1. For the stretch 1-50, name all the residues that are at pLDDT 80 or above, out of contact with any helix residue (DSSP H, G or I) (no Cβ under 7 Å at 6 or more places or on another chain) and within 30 Å of residue 86 (Cα to Cα).
2. Which residue pairs have Cβ atoms closer than 9 Å, lie 6 or more positions apart in sequence or on different chains, and pair a first residue in the stretch 52-70 that is free of Cβ contacts under 8 Å to residues at least 12 places away in the same chain with a second residue that is surrounded by 12 or more Cβ atoms within 10 Å (Cβ to Cβ) and in a loop (DSSP other than H, G, I, E, B)?
3. Being under 12 Å from residue 85 (Cα atoms) and either loosely packed, with under 13 Cβ neighbours inside 10 Å or modelled with pLDDT of 85 or more (or both) is the filter here, so list the residues in the stretch 57-72 that pass it.
4. Report whether or not residue 54 is modelled with pLDDT under 85 and either at positive phi or touching a helix residue (DSSP H, G or I) at 6+ places or on another chain (Cβ under 7 Å) (or both).
5. Check residue 93 against each of (1) surrounded by 12 or more Cβ atoms within 10 Å (Cβ to Cβ); (2) assigned to a loop (DSSP other than H, G, I, E, B); (3) over 17 Å from the mean Cα position of the chain (by Cα) and name the one condition it does not meet.
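The values are calculated or read from the model by the stated rules, or taken from the named source; none is laboratory data. Source: prediction; values computed, not measured. Using ideal geometry, Cβ is built from the backbone for each residue, glycine included, and neighbour counts are taken over all protein chains shown.
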């Protein structure tokens, strides 16, 4: 049985990547693409803010203060109540002003 040819110095073995893996590497390898995806994520959060956090951002809920994150309050609560309502409305306000 003939011996396998010697490898060139510094050669590495690479598995064949699937089409999805190659596309993901190309897409996330570009800093401009990552920036664009971040902006798109902020726009989506701004549009869906009332659905993501349906509470009133100015309403204080003192009975639910200083709690850990849970399914009901994803960001947890602070001294004024749930923070997810204020965060999502802040994203919405800043996106509307910048547009």
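1. 31, 32, 35, 36, 37, 38, 39, 40, 41, 44, 47, 48
2. What qualifies is 67/73; 67/76; 68/76; 69/75; 69/76; 70/76.
3. Across the stretch 57-72, the qualifying residues are 58, 59, 60, 72.
4. Spelling it out, it is not the case that residue 54 is modelled with pLDDT under 85 and either at positive phi or touching a helix residue (DSSP H, G or I) at 6+ places or on another chain (Cβ under 7 Å) (or both).
5. It is condition (2) that residue 93 fails.
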